[in-house]
Amino acid sequence: MLGTTRPARLSPLRRPRATLVSGLTALAAGGLVALAFAGCGIVTPGTVSTVGRVGFDRPLVIPPLAESTVGADGTRVFALTAQAGTTEFEPGVPSETWGFNGTFLGPTLVAERGERVRVDVRNTLDEPTTVHWHGMHLPAEMDGGPHQMVVPGARWAPEWLVDQQAATLWYHPHPHGATEAHVSRGLAGLFLLHDEAERALGLPGEYGVDDVPVIVQDTGFTAEGRREAAPRGYAGALGDELVVNGTRSPYFEAGDELLRLRLLNASTARSYAFSWGDERPVRLIGTDGGLLDAPVELPYVRLSPGERAEVLVRLTPGERLVLQSRMTAEIAGLVGPVAQTNGAADAFDVLELRAADRLRPAAADPAALVALPPLGDGEVAADRRFVLDDSFEINGRAMELGRIDETVTVDTLERWTIVNDTALPHSFHVHDVQFRLATVGGDPPPPELSGWKDTIYVEPETEYVLLLRFTDYADQDTPYMYHCHLLWHEDQGMMGQFAVVEPGQRATMPEGTDHDHH
Ligand code: C2O
Ligand code: CU
Ligand code: CU
């Protein structure tokens, strides 16, 4: 495709691997924690809490809606330019950041099921990047993974038909070895899909008014401005402060009694357990790939990097309500020093909601949302097993751009079992599809994992059985990715490639790669 080139070489940003792996091995082997930390630049264990210490003195920035035009053929066309710039998180204190059509984060794209969309992507950075449509069902060539690199100065114009349920999706770069750096510098945005079933429910839907994007990232600040999260635990770089939609210390003024928050964990390594400061239950209505069949009330919503949640919250006039994250070792499924050093004891004040003295009333929440048909069983075409290990490999292999790991036949149902063989946090994300969980640790999935998902947190010593149906797009020449969405792990090679092919076809090596050195 014009304007694309071969994948990037290893990024200089890549941290040395050998030292960390030996550190991990020491820990896994029961070695001294102190030893494990020595030599890999990981900061000493500690916990962070910003609870009660956030001033909530800045209005939440709402990412602008992306402009679009609809051409004669009905295709909705967006434009995204990756650019470098400076952002003032504190007035008068510029920080160097990256963004799409701006200096930090990107606009929110909105499309309707059944619409054809095209995004004119331009890279004005001085290094290659990509734009991946996380959660989107689309042809592999349009996916924006590491095989669709956009070099500096180049353009890339993927297009596809939006054909999936209403959902909160997102986009971010995916250059192999540098995804963590590109996302943490600010390249990320939301991609919202609507459909008839969603509209019929009458859920809050006025963007930035009662339908509020909440993009959560951890970072840090000094008097000189923003500093990127620092390597801390095995999860990767953890920041000691949060920004929401790029806003430090944010509050949101609500004029509506009922709000719908679209939570996106766009952090590179940190997982959150979102809950309300007054301990009211969290009313979850949607997960990664769409709405649940009915709202569920939970004490907290756990989101690992890349996961999304839609929640409803009902306010009373004049009230102030704080969204927090209070992670614990138990919630993270981690034990001992691993929990401490990977943010599993950290707590944050995230965002304050300030209700006006008079609120626009809202109808009662719908008791039922959308139908969640079972993906089916008894007709599984292939069973695959993916073991996540402590060398940042999957099934004992590190990512190779020139190697296809799995070949899937189009329009079949598959069952994938994901196992985390370590005491460390990992996650699992699959491109192209929204999947469903058959079981978690042998049991039926809890309500928050019973809907459409594209990314799951994978606790140590728990088996996750996924059902996936790969429909529509076969392409023997271009693979999709599956990977741990802790971006440092992904960059280290905790990723694999699958091709979706017609029955009887074989996948070929990805074209144009110079990485076929297996
Ligand atoms: Cu959100 Cu393969 O990524
Ligand atoms: Cu993805
Ligand atoms: Cu991982």
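Things worth noting here:
- Computed E for residue 51/residue 358 - FRET, C-beta separation, R0 35 angstrom, nearest 0.05: 0.70
- The DSSP beta bridges internal to the chain are antiparallel in roughly 70% of cases.
- The chain - mean residue ellipticity at 222 nm from DSSP helices (-39,500 (n - 2.57) per run, n ≥ 4, rounded to 500): -2000 deg cm²/dmol
- Each Cα pair under 8 Å and six or more residues apart adds its sequence gap; the mean of these over the residue count of the chain is a relative contact order of 15 percent.
- Per residue, the convex hull spanned by the alpha carbons of the chain comes to 144 Å³.
- Peptides 493-502, 93-102, 140-149, ordered by how many other C-beta atoms sit within 10 Å of their residues on average, highest first, read 140-149, 493-502, 93-102.
- Rounded to 5, percent antiparallel among DSSP beta bridges of the range 380-501: 70 percent
- A 1.4 Å probe run over the chain, with the rest of the protein chains in place, finds 37 Å² accessible per residue.
- Residues residue 471 and residue 84, FRET efficiency given R0 of 35 Å [Cβ-Cβ distance, rounded to 0.05]: 0.35
- Percent of C-alpha pairs per 5 Å bin, the range 69-195, short to long: 2, 11, 21, 24, 18, 12, 7, 3, 1, 0
- By accessible area, using a 1.4 Å probe on protein heavy atoms only, the range 380-501 has 41% of its surface on carbon and sulfur.
- DSSP beta bridges confined to the range 36-172 are antiparallel in about 70 percent of cases.
- Euclidean distance of C-alpha centroids, the range 149-217 and the range 321-357, integer Å: 24 Å
- Label zone at residue 206 (point 7 Å along Cα-to-Cβ), backbone N below 17 Å, the range 299-315: 313-315
The values are calculated or read from the model by the stated rules, or taken from the named source; none is laboratory data. Here the structure is a predicted model, which is why all the values come from computation and not from measurement. All Cβ positions, glycine included, derive from the backbone under ideal geometry; neighbour counts span all protein chains shown. In case anyone asks, the SASA skips ligands and DNA or RNA and just uses the protein heavy atoms, side chains included. Shrake-Rupley method; radii C 1.70, N 1.55, O 1.52, S 1.80 Å.
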